[in-house]
Amino acid sequence: MTTAGSVHTAEAWKQKTPYLAPTANENFDAQYAASCLCGEVQYAVDSDPVAAKFCHCTSCQILHGAPFQWAALFHKKNIRFIRGVDCLMFFHSEDLTPRHALPCKVSCSKCHSPIADEGRNMWMSFPTLFKFPARKTPDAFKPSCHIFYEQRCVDIKDGKTKWSKHQDESEIIPED
């Protein structure tokens, strides 16, 4: 139950980063913009990603219908939603429930495009959602490594470091 002026717990996420809209009195200078396939959900970031990598975990393979996903990581404070917050849906993969509980998968409820993985501290966006000028990927978005490579379903020979699990927290798998 809610009282006047309070936010119901199930929707408290709307009052926190990364789901806030830019305000006139903050210094948010959007560098890149992203949107889902239908354009209903749009967000911007005011910095380069802190990292970019390819993830080969089986959850990413299943949720993306692909052998791996390409992710760019941002601090949540660097994200602002331009539109579509009410069109978001969430999936908490730890207990397989459709709810906003961290970490969770974020997608558009209209076109079902994956938008991001929201972690406790970070926002893992999908660079294919960004509208880069001339479709040229900025260097900061180019993956530096592969993670969860031990779960791969295809071998990738690209010279990038292949971590068995998380970067810097697991063994490196030789490319052969």
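For the reader, a short list of remarks on this structure follows.
- Neighbours by Cβ (under 7 Å, 6+ apart or cross-chain): first from the range 80-97, under 25 Å from D29 (Cβ atoms); second small (G, A, S) and open to solvent by less than 20 Å² (accessible area, probe 1.4 Å): R80/A44; I82/A44
- Check on S109, hydroxyl-bearing (S, T, Y) and either under 20 Å from V45 (Cα atoms) or at pLDDT below 95 (or both): no
- Among (1) open to solvent by 20 Å² or more (accessible area, probe 1.4 Å); (2) hydroxyl-bearing (S, T, Y); (3) touching a strand residue (DSSP E or B) at 6+ places or on another chain (Cβ under 6 Å) - the single one T137 does not satisfy: (3)
- The criterion of being part of a loop (DSSP other than H, G, I, E, B) and loosely packed, with under 13 Cβ neighbours inside 10 Å does not hold for D86.
- Residues that are under 13 Å from the mean Cα position of the chain (by Cα) and either crowded, with 21+ Cβ neighbours inside 10 Å or part of a loop (DSSP other than H, G, I, E, B) (or both) within the range 42-64 comprise Y43, V45, P49, V50, A52, K53, F54, C55, C60, listed in sequence order.
- If the condition is being under 17 Å from the mean Cα position of the chain (by Cα), surrounded by 15 or more Cβ atoms within 10 Å (Cβ to Cβ) and over 11 Å from V85 (Cα atoms), then the range 10-41 contributes Y32, A34, S35, C36.
- Counting the residues of the range 140-176 that are assigned to a loop (DSSP other than H, G, I, E, B), open to solvent by less than 70 Å² (accessible area, probe 1.4 Å) and basic (K, R) gives 1.
- Any hit, the range 87-104, residues being more than 14 Å from the chain's Cα centre (by Cα) and within 21 Å of P143 (Cα to Cα): no
- Residue check for P67: surrounded by fewer than 20 Cβ atoms within 10 Å (Cβ to Cβ) and touching a Gly at 6+ places or on another chain (Cβ under 6 Å): no
The values are calculated or read from the model by the stated rules, or taken from the named source; none is laboratory data. This one's a predicted model, so the numbers in the text were calculated from it and none came from an experiment. We place every Cβ from the backbone using ideal geometry, glycine too, and count neighbours over all the protein chains shown. Accessible surface areas use protein heavy atoms only, side chains included; no ligands, DNA or RNA. Shrake-Rupley method; radii C 1.70, N 1.55, O 1.52, S 1.80 Å.
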